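The values are calculated or read from the model by the stated rules, or taken from the named source; none is laboratory data. Quick caveat: nothing in here was measured; it's all calculated off a predicted structure. Here the Cβ positions follow ideal geometry from the backbone for every residue, glycine too, while neighbour counts run over all protein chains shown. Note: areas computed on protein heavy atoms with side chains; ligands, DNA, RNA excluded. Shrake-Rupley method; radii C 1.70, N 1.55, O 1.52, S 1.80 Å.
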Amino acid sequence: MTTDEYVATIIEQIEVAKDNKEVESIIQIAVAKMEEKKKNGFIIQRCMDKLGIAIQDLQVLESSNSRWNCYRFALICIGKLSVKSIIKG
């Protein structure tokens with residue numbers, strides 16, 4: 001699966017998330033799966049960066065407040081992951 005395909009899969013999961021806790025879990029599981037497959041930190045960060053960009057593009061098109069809130073929270077989670085990787089590094 002390519003990074004773009006994985007990003008699309010994650011977005012599909014976020015779209016059906018019921019709340020912020022589920023959104024956070026989706027992102028954490030996505031990162032954990034990449035780590036299990038021995039993807040290096042650069043690849044994981046690149047995937048999260050692409051996910052963030054894709055979500056920002058979706059926010060402009062999305063009219064539902066609940067969907068927008070899920071996307072916004074996903075961006076927050078992605079930002080926290082980036083900070084953690086910088087602190088670890």
* With respect to ILE26, is the statement that it is in a helix (DSSP H, G or I) and under 19 Å from ARG67 (Cα atoms) true? -> yes
* Asked: Identify, please: which residue in segment 1-39 is exposed (fewer than 15 other Cβ atoms within 10 Å of the Cβ) and polar (S, T, N, Q) and is, among those, nearest to LYS80 (Cα to Cα)?
  -> GLN28
* To do: Consider only pairs whose beta carbons are under 9 Å apart and that are at least six residues apart or on different chains; among these, list those whose first residue lies in segment 39-60 and is farther than 14 Å from ILE14 by Cα and whose second residue is open to solvent by less than 90 Å² (accessible area, probe 1.4 Å) and at pLDDT below 85.
  => GLY41/SER85; ILE44/LEU81; ILE44/SER85; GLN45/LEU81; GLN45/SER82; GLN45/SER85; ASP49/SER82
